[in-house]
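These notes are about the structure you will find just below.
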Amino acid sequence: MPPAKTSFVCLPCRASFKQPYAGAWVRRCPRCGKELVHVGSAFAAPPRRDTEGWRVLSVLLHAGVRFHKSCCLGGPGYRPRTLREVRERMAYARRTGEPIARALTRPEVP
């Protein structure tokens, strides 16, 4: 049986690649040569022309949020899709002192 594939992303190119995961060795983008970011197997890339979607994805990835499947839930859980949702959760994190990654994955902001 072939090894399972997982997603890697190049933020400057707005490109996503499914590749077998074979440890922590560095993968390079075939377009620009920059290092790819491992995002997980439950990732669905926004369309290349969706600049807002890629900005949201960039914020999530820089905060350490990834898209790995959970054995119990069947998916990665909630992830914001708009900049408005990101701004709400970032403001909540600043107000309460909650870690940014946890605030970004919160389904609702109290």
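Each Lys or Arg adds one and each Asp or Glu takes one away; over the other residues whose Cβ falls under 14 Å from the Cβ of GLU98, this sums to +3. Rounded to the nearest 20, the Cβ-based charge dipole of the chain about its Cα centre (Lys and Arg +1, Asp and Glu -1) stands at 260 debye. Extending 7 Å from the Cα toward the beta-carbon at both VAL109 and GLU88 defines two label points whose distance is 0.7 nm.
Its DSSP H runs of at least 4 residues, each contributing -39,500 (n - 2.57), put the calculated 222 nm mean residue ellipticity of the chain at -8500 deg cm²/dmol, to the nearest 500.
Less than 10 Å Cβ to Cβ from TRP54, Lys/Arg counted +1 and Asp/Glu -1: what total charge do the surrounding residues give?
Its environment carries a net charge of +2.
Overall, the ratio between the Cα radius of gyration of the chain and 2.2 N^0.38 Å, rounded to two decimals, is 1.13. Computed over protein heavy atoms with a 1.4 Å probe, the carbon and sulfur contribution to the accessible area of the chain reaches 54%.
The values are calculated or read from the model by the stated rules, or taken from the named source; none is laboratory data. As the structure is a computational prediction, the values presented were derived from the model and not from experiment. Every residue, glycine as well, gets a Cβ built from its backbone with ideal geometry; the counts of neighbours run over all protein chains shown. Surface areas here come from the heavy atoms of the whole protein model, side chains and all, with no ligands, DNA or RNA. Shrake-Rupley method; radii C 1.70, N 1.55, O 1.52, S 1.80 Å.
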